[in-house]
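> Handing you a structure now.
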Amino acid sequence: MKQIQLKRWLAAAAILILLALLLCALNRLLLPKYRSGNTEGRLTADYYTDVKTRHQVLFLGDCEVYESFTPPTLWEEYGISSYIRGNAQQLVWQSYYLLEDTLRYETPEVVVFNVYALKYGTPQNEAYNRMTLDSMKFSPVKLSAIRASITEEESFASYLFPLLRFHSRWKELTQDDFTYLFDSSPVSHNGYLMKTGVEPMTSSRAGSPLTDYSLPVSSMEYLEKMRLLCLKNGIELILVKSPTNSWGYWWYDEWDAQINDYAAKNGLSYYNFIPEAEKIGLDFTTDTYDAGVHLNVSGAEKLTSYFGKILRENHGLEDLRFDSGLSAVWQEKVVRYQQEKEGLLK
Amino acid sequence: MRFTSLAFLAFAALTVLLYYLFPKAKRWWVLLVADYVFYFFAGKEFLPFILFTTLVTYSFARWMQALTDRESRYLEEHRDSLSKEERKAVRSKYKTHRRWVLVSGAILGFGMLAILKYTGFIVSIFRSSGIPNLILPLGISFYTFQSMGYLIDVSRGKVAAERNFFKTALFVSFFPQLVQGPISRFADLEPQLIEGHPFDSFNLRAGLLRAAYGYFKKMVVADTAMIAVQTLAARSDELTGGYVVLLILLYSVVIYGDFTGGIDIALGIAEMLGIHPAENFNRPFSSRSVKEYWNRWHITMGSWFTDYVFYPLSVSIPMQKLSKWSRAHLGQALGKRIPVYLATIFTWFLTGLWHGAGWNFIVWGLLNCLLLLVSQELKPLWSLWQTKFPKLCASTPWHLWQATRTFLLMGLIRSLDVYRNVPKTFRLWGTIFSTFNWGEIFSGGWLRLGLGIADYAVLAGGILIIFLVSQLGKAETPLRERTAKKPVLTVFLLGAFVCVILIFGTYGIGYNAGDFIYRTF
């Protein structure tokens with residue numbers, strides 16, 4: 001009798017284990033792979049493939065970082081090893097939690113934060129939240145990031161178990177979903193997402209006037225948290241604003257003044273590259289792929305060259321090209337970067 | 001807190017766990033606390049209404065019980081001194097007194113329901129603007145009817161009034177059946193709620209299976225079909241003719257999956273707690289007549305109206321007088337029908353009104369009544385037909401035809417619930433015979449209703465599973481009970497349900513079909 005009971009328990013346990021495995025597999029299968037078309041959704045996941053590499057600089061921010069700085073250029077020209085943890089419309093609290101997440105693996109010397117997303121004080125958009133958070137590795141940090149980010153219509157549970165959100169994708173599975181089921185190879189170049197197209201900026205129209213130019217208190221609070229976290233970990237925090245400034249994505253002088261005040265008050269460096277565009281050598285008829293909203297690879301390389309010099313001269317970042325191990329790793333990255341660039345430019 | 005939310009699943013699991021962790025004598029307290037936690041999260045603004053109903057139910061039941069006790073004591077004390085007539089007079093006096101107490105309690109109980117549910121509708125009959133929009137507490141139709149049924153039973157002496165206020169509160173608010181029934185009877189449910197049931201793994205398995213099957217019916221079948229129904233209803237001006245037939249078919253699937261699924265969830269959770277409320281369905285879509293359908297669909301509501309409205313009305317003094325008068329003046333045949341038919345019409349009018357405050361519900365009730373009365377009148381013809389063609393009438397194809405006819409008739413009048421506009425519904429019914437657009441539907445129209453081929457495939461698979469389960473459920477021991485006796489098979493089936501619901505279920509952002517239809521009644 002006891003044996004029969006034991007057998008029953010074992011069989012039930014086996015079924016439950018199989019069920020759990022099946023659900024995990026389905027979860028993985030149904031999660032969007034972001035391999036063709038919208039590859040931005042892969043950016044968070046890409047970082048975990050490079051955690052063993054030493055990074056002196058960590059870039060944080062929205063599309064203005066992952067389209068404006070190219071880590072391979074920074075390495076090639078200055079021997080500075082860097083990584084970009086940026087996502088489409090990455091809100092400031094997401095940047096904060098991605099910094100916390102990064103600190104679970106490494107402690108960079110410098111964190112460069114692009115300030116544009118400070119204009120958002122509340123959760124914005126499920127699709128962007130998903131792209132930033134879904135592939136974050138599970139940890140208490142991820143839970144905090146989810147709590148801070150979800151919009152009213154979203155559920156917390158669906159971030160822990162994305163199958164609850166993407167279950168209906170079974171109807172639209174493509175070859176990509178099976179090809180990349182277990183493939184974690186990166187789509188980006190240390191977080192840089194290459195765009196080679198050219199669409200000149202034709203409008204010089206400024207952004208529409210606002211009724212209130214104060215940056216939201218909530219986003220400034222997270223900036224302060226980020227500063228304190230950097231301070232605690234001996235990291236230098238640098239604030240930047242990418243040089244793009246199109247009318248739909250305008251950076252107002254009033255916002256700039258607030259960031260300047262904040263930086264001055266806390267002894268931080270703040271580089272607004274908008275007025276520096278000419279000095280950088282940017283030509284918005286050739287260096288943007290979407291009429292001035294983002295830089296293309298040509299623009300990003302120019303900005304990176306310019307900023308690399310600042311990092312070297314003003315912030316004393318060491319040239320690590322003497323490190324043969326790191327050089328070998330970067331050599332591969334640079335070759336892949338060049339190959340993709342040539343391929344796309346052909 | 002929706003039945004289909006993860007929060008509810010966690011809440012139900014915790015309730016079952018706590019129930020068995022408490023000493024048997026205290027287990028009913030766990031249920032009462034769970035009821036109010038559930039109701040609080042459903043909407044704390046609803047709490048005063050259920051508390052009011054509970055208070056009315058408790059105090060008026062106690063009042064009537066006190067009268068009954070006093071009557072018994074008096075009759076006992078004066079057993080030797082009272083004549084038969086005097087005893088009869090005493091009984092009559094107390095009966096009248098109890099009746100007045102019952103009427104007062106019913107006015108308060110039903111009055112609150114009437115004010116909250118029907119004020120807007122009544123005002124809208126007289127004017128088109130300034131219609132009050134009062135809140136409608138969750139499950140108010142269900143708990144009011146259940147409570148008032150109890151009051152009537154106490155007044156009839158069928159049950160003794162509960163002395164403990166909190167136990168009455170538990171009967172009124174038992175959370176699994178609060179949303180959409182079944183409407184239980186006090187004598188059946190209360191002892192089960194109060195008794196501390198011992199843990200029984202069979203009950204747990206059977207309850208889990210039932211709840212999982214309910215979720216399957218609701219989330220995979222009903223909510224998928226609902227997407228097309230919502231499109232058909234929203235574009236009813238253009239989607240006429242064959243599309244109306246499509247709506248009738250799909251809405252039948254929706255209402256079946258939604259309502260029976262919700263009841264399965266409710267009864268499944270109750271079963272895990274060792275409680276077995278009354279069944280509400282018995283394979284209704286296999287009914288071969290409208291009468292049979294109403295004996296198999298929403299059984300507890302049907303029996304409530306029969307026991308507490310139809311029968312008392314049929315045997316009431318005014319009806320007896322009417323019966324006498326009509327027999328004398330209209331002849332035996334018609335005379336005896338009039339009181340019965342009047343009681344039937346009134347009962348169905350109330351049944352329609354119970355479902356909702358709108359002409360569509362009233363017309364729906366009266367059309368059901370009409371079908372029942374017409375079939376009653378055609379009975380002699382039917383008997384003649386049976387005598388002439390006994391073999392045909394006993395054959396399976398004939399039974400299938402009867403079931404299909406009943407299914408379509410009930411589906412047709414049920415579509416009033418979707419279009420919610422009586423003249424428009426009648427007009428759309430007319431287009432079934434005037435607009436022949438089946439070609440358009442079959443050449444792709446059916447794929448423009450919000451569902452793709454894959455969704456229809458899921459729907460067809462779901463319907464097939466429900467049909468097979470229903471067929472297998474005909475055996476003496478229900479399929480679920482046979483399955484629950486095998487623990488490994490139960491775990492396997494539960495796992496399969498979980499996977500199927502998670503993948504093929506209709507839920508999450510972009511879908512808004514999460515609420516149960518009967519929740520709003």
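The values are calculated or read from the model by the stated rules, or taken from the named source; none is laboratory data. Only a predicted model underlies this, so the values are computations on that prediction, with no experimental measurement involved. Every residue, glycine as well, gets a Cβ built from its backbone with ideal geometry; the counts of neighbours run over all protein chains shown. Heavy atoms of the whole protein, side chains included, go into the accessibility calculation; ligands, DNA and RNA do not. Shrake-Rupley method; radii C 1.70, N 1.55, O 1.52, S 1.80 Å.
> Could you work out the relative contact order of segment B:6-199? I mean the mean sequence separation of Cα pairs under 8 Å and 6+ apart, divided by the number of residues, in percent.
It rounds to 36 percent for segment B:6-199.
> Tell me which of B:Asn421, A:Thr70, B:Gly196 sits at the most positive position along the dipole axis of the protein assembly as shown, charges placed on C-beta atoms (Lys, Arg +1; Asp, Glu -1).
Checking the options against the dipole of the protein assembly as shown, the answer is B:Gly196.
> When the dipole is taken about the Cα centre of segment B:11-79, and only Lys, Arg (+1) and Asp, Glu (-1) are charged at their Cβ, what size is it in debye, to the nearest 20?
Using Cβ point charges on Lys, Arg, Asp and Glu, segment B:11-79 gives about 240 debye.
> Now for a separate question. Taking the Cα centre of segment B:6-199 as origin, sum charge times position over the Cβ atoms of Lys and Arg (+1) and Asp and Glu (-1), and report the length of that vector in debye to the nearest 20.
Magnitude of the dipole: close to 380 debye.
> Among A:59-69, B:448-458, B:494-504, how do they line up from the highest to the lowest mean number of other beta-carbon atoms within 10 Å?
A:59-69, B:494-504, B:448-458
> Other chains near A:22-29: what is the mean number of their Cβ atoms within 10 Å of each residue's Cβ?
2
> Here is a follow-up. Would you please put B:410-419, B:170-179, B:392-401 in order of how densely packed they are, using the mean number of other Cβ atoms within 10 angstrom per residue and starting with the highest?
The most tightly packed comes first, giving B:170-179, B:410-419, B:392-401.
> Using alpha carbon coordinates only, what is the Rg to Rh ratio of the protein assembly as shown, with Rh defined as the Kirkwood radius?
Over the Cα atoms of the protein assembly as shown, Rg/Rh equals 1.09.
> If you don't mind, another one. If packing is taken as the average number of other Cβ atoms within 10 Å across a peptide's residues, how do A:50-56, A:145-151, B:125-131 rank, most packed first?
A:145-151, A:50-56, B:125-131
> For segment A:199-291, what is the largest minus smallest coordinate of the Cα atoms on each principal axis, given in angstrom and ordered from greatest to least?
Cα spread of segment A:199-291 along its principal axes, largest to smallest: 44, 33, 19 Å.
> If I stretch the segment between B:Val37 and B:Thr396 completely, what's the gain in nm (0.36 nm per residue apart, minus their alpha carbon distance), one decimal?
In short, 124.2 nm is gained.
> So what's the back-of-envelope 222 nm ellipticity for chain B, counting only DSSP H runs of four-plus at -39500 (n - 2.57) apiece and dividing by all residues, rounded to 500?
That calculation yields -23000 deg cm²/dmol at 222 nm.
> If you place +1 on the Cβ of every Lys and Arg, -1 on the Cβ of every Asp and Glu, and leave all else neutral, what size is the dipole of chain B about its Cα centre, to the nearest 20 Debye?
Dipole of chain B, to the nearest 20 debye: 1320 debye.
> Classify chain B as rounded, prolate or oblate from the Cα gyration tensor: take a ≥ b ≥ c as the square roots of its eigenvalues, call it rounded if a/c is under 1.5, otherwise prolate when a/b beats b/c and oblate if not.
Oblate is the answer for chain B, as a/c is 1.5 or above yet b/c matches or exceeds a/b.
> With the other protein chains left in place, how much accessible area per residue, in square angstrom, belongs to chain B at a 1.4 angstrom probe?
47
> Another question, then. What is the count of Lys pairs in segment B:6-199 whose alpha carbons sit under 24 Å apart, if the two are 8 or more places apart or on different chains?
Final tally of qualifying lysine pairs is 11.
> Still on this model: As an exercise, identify the chymotrypsin sites (Phe, Trp or Tyr not before Pro) in segment A:178-256 lying in DSSP coil whose Cβ has no more than 10 other Cβ atoms within 10 Å.
Sites meeting the loop and neighbour criteria: A:Phe182.
> Toward the positive end of the charge dipole of segment B:261-378, about the Cα centre and with charges on Cβ (Lys, Arg +1; Asp, Glu -1), which of B:Leu378, B:Leu334, B:Thr351 goes farthest?
The residue sitting most towards the positive pole is B:Leu334.
> Does segment B:84-193 come out rounded, prolate or oblate, given a ≥ b ≥ c as the square roots of the eigenvalues of its C-alpha gyration tensor, rounded meaning a/c under 1.5 and, failing that, prolate meaning a/b above b/c?
Verdict is oblate for segment B:84-193.
> May I have the convex hull volume per residue, in Å³, for the Cα set of segment B:1-159?
Enclosed volume per residue, from the Cα hull, is 145 Å³.
> Could you work out the mean count of beta carbons from other protein chains within 10 Å of each residue's beta carbon in B:446-458?
Shielding by partners across B:446-458 averages 1.
> Given a 1.4 Å probe and every protein chain left where it sits, what share in percent of the accessible area of segment B:6-199 is carbon and sulfur?
65
> What is the local net charge at A:Pro216, summed over the other residues whose Cβ is closer than 13 Å to its Cβ (Lys, Arg +1; Asp, Glu -1)?
With Lys, Arg at +1 and Asp, Glu at -1, the neighbours total -2.
> Can you tell me, using C-alpha contacts under 8 Å and at least 6 residues apart, the relative contact order of segment A:58-158 as a whole percent?
Once normalised by length, the contact order is 32 percent.
> How many angstrom lie between the C-alpha centres of segment B:68-89 and segment B:349-381?
The two parts, judged by their Cα centres, are 45 Å apart.
> Percent relative contact order of chain A, based on C-alpha pairs within less than 8 angstrom and at least six residues apart?
Result for chain A is 25 percent.
> Same structure again: Helix A:253-266 sits at what angle to the longest principal axis of chain A, using alpha carbons and giving 0 to 90 degrees rounded to 10?
With rounding to tens, the tilt is 80 degrees.
> How shielded is B:371-379 by partner chains, expressed as the average number of their Cβ atoms within 10 Å of its Cβ atoms?
0
> Still on this structure: Between rounded, prolate and oblate, where does segment A:111-225 land on the alpha carbon gyration tensor, with a ≥ b ≥ c its root eigenvalues, rounded for a/c under 1.5, else prolate if a/b exceeds b/c?
Oblate is the answer for segment A:111-225, as a/c is 1.5 or above yet b/c matches or exceeds a/b.
> Which of A:Gln56, A:Gly197, A:Asn129 sits farthest toward the positive end of the charge dipole of chain A, with +1 on the Cβ of Lys and Arg and -1 on the Cβ of Asp and Glu?
Selected residue: A:Asn129.
> If one takes the accessible area of chain B alone plus chain A alone and subtracts that of the pair, with a 1.4 Å probe, what total in Å², rounded to the nearest 100, results?
Roughly 1700 Å² of accessible surface disappears when B and A pair.
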